[in-house]
1. Enumerate the pairs (first residue in the range 48-65 and over 24 Å from G200 (Cα atoms); second residue anywhere and of a type in the set (V, I, T) and assigned to a loop (DSSP other than H, G, I, E, B)) with beta-carbon separation below 7 Å, excluding pairs fewer than 6 apart on the same chain, so at least 6 apart or on different chains.
2. For the range 79-116, enumerate the residues that are at pLDDT below 90 and not hydrophobic (A, V, I, L, M, F, W, C).
3. Answer with yes or no whether V166 is open to solvent by less than 70 Å² (accessible area, probe 1.4 Å), closer than 15 Å to I51 by Cβ and touching a helix residue (DSSP H, G or I) at 6+ places or on another chain (Cβ under 9 Å).
4. Can you report the number of residues in the range 169-185 which are in contact with a Leu (Cβ under 9 Å, 6 or more places away or on another chain), in contact (Cβ under 8 Å) with a residue 40 or more places away in the chain and open to solvent by 10 Å² or more (accessible area, probe 1.4 Å)?
5. Which condition does R131 not pass, out of (1) out of contact with any His (no Cβ under 9 Å at 6 or more places or on another chain); (2) modelled with pLDDT of 90 or more; (3) not aliphatic (A, V, I, L, M), if it passes all the others?
6. Here are some conditions: (1) surrounded by fewer than 18 Cβ atoms within 10 Å (Cβ to Cβ); (2) of a type outside the set (A, V, I, L, M, F, W, C); (3) in contact with a strand residue (DSSP E or B) (Cβ under 8 Å, 6 or more places away or on another chain). H161 meets all but one. Which one does it not meet?
7. Find all pairs meeting these conditions: Cβ atoms under 9 angstrom apart; at least six residues apart or on different chains; first residue within the range 119-131 and open to solvent by less than 100 Å² (accessible area, probe 1.4 Å); second residue of a type outside the set (A, V, I, L, M, F, W, C) and not in a helix (DSSP H, G or I).
Amino acid sequence: MWFSLTTLASVPREGKHPALSTEMAHHTVAFCHALGLEQIHIVGFSLGGMIGQQLALDHPDLVQRLILLGTGPRGGEGMTFTELSPEEQEDPVAFLLAAFFTSSETSRAAGFDYMKRLESRVKDRDLPVSRDSAVAQLAAIREWGTIPSIDRYSTLKRITHPTLIVHGNKDIVVQPINALILAEHLPNAQLIIYPDSNHGAQYQHAKSFLAHVKLFLDEHV
């Protein structure tokens, strides 16, 4: 069973959104148990990738394989994240395009194609993320990015699951160095860096990404 971690992993309980990745991971496990899932494969994007790492640490028998997209390790480089400016909040489409794609013509064209794909779904769409949820998610990312005083990346060696790491070479949200750190410290990981791509590298290079995922899965049947 594949499990995608973006915002689903942090579904609010009793109307409150958790502000720690550990709590979000706990909610994810509860959700899996409610569905009767005994083992899952994880696709974790950005914050979802952080939650995916926490799940692999806390519940290694639940997780089989990991695909980590545009994410970084606990205590990674430059993972402080500032509040959105009024201009960014005023035009979320422009903000998304700037954060997920580069300024090149090719990347921007891929960004507009991505927006069309988002708009093509007319039924069962996700509700807009509330401000409270956005604030809690930002707090969780900041806490994840706090650099410990010792043993900065020591927990990564405990994540022995087959892992595919995908990152954009010009990611301004999670610096590409974080993907290299994951690849260096995870015992069973492989890394793909896509060119001329920002935080949404897997959306810009969708065909290549799907082909690489298939290769990864075929290697770990």
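The values are calculated or read from the model by the stated rules, or taken from the named source; none is laboratory data. In this text, all values refer to a predicted model and were calculated from it rather than measured experimentally. Every residue, glycine among them, receives a Cβ derived from its backbone with ideal geometry; neighbour counts consider all protein chains shown. Note: accessible area is taken over every heavy atom of the protein model, side chains too, but ligands, DNA and RNA are not part of it. Shrake-Rupley method; radii C 1.70, N 1.55, O 1.52, S 1.80 Å.
1. Listed by first residue and then by second, the contacts come to L57/I159.
2. At the first step, the residues of the range 79-116 found to be at pLDDT below 90 are 79-96.
T80, T82, E83, S85, P86, E87, E88, Q89, E90, D91, P92 - these are the residues of the range 79-116 that are at pLDDT below 90 and not hydrophobic (A, V, I, L, M, F, W, C).
3. Details: open to solvent by less than 70 Å² (accessible area, probe 1.4 Å): yes; closer than 15 Å to I51 by Cβ: no; touching a helix residue (DSSP H, G or I) at 6+ places or on another chain (Cβ under 9 Å): yes.
Spelling it out, it is not the case that V166 is open to solvent by less than 70 Å² (accessible area, probe 1.4 Å), closer than 15 Å to I51 by Cβ and touching a helix residue (DSSP H, G or I) at 6+ places or on another chain (Cβ under 9 Å).
4. At the first step, the residues of the range 169-185 found to be in contact with a Leu (Cβ under 9 Å, 6 or more places away or on another chain) are 179-185.
Right, trim to in contact (Cβ under 8 Å) with a residue 40 or more places away in the chain and you get 179, 181-182, 185.
Applying the additional criterion that residues be open to solvent by 10 Å² or more (accessible area, probe 1.4 Å) yields 181, 185.
Here the count works out to 2.
5. (2)
6. Just one mismatch for H161, condition (1).
7. Every condition considered, the pairs that remain are V129/T7; S130/P12; S130/H17.
Conditions (1) modelled with pLDDT of 95 or more; (2) hydroxyl-bearing (S, T, Y), marked per residue:
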site	(1), (2)
Y153	yes, yes
I177	yes, no
I181	yes, no
E219	no, no
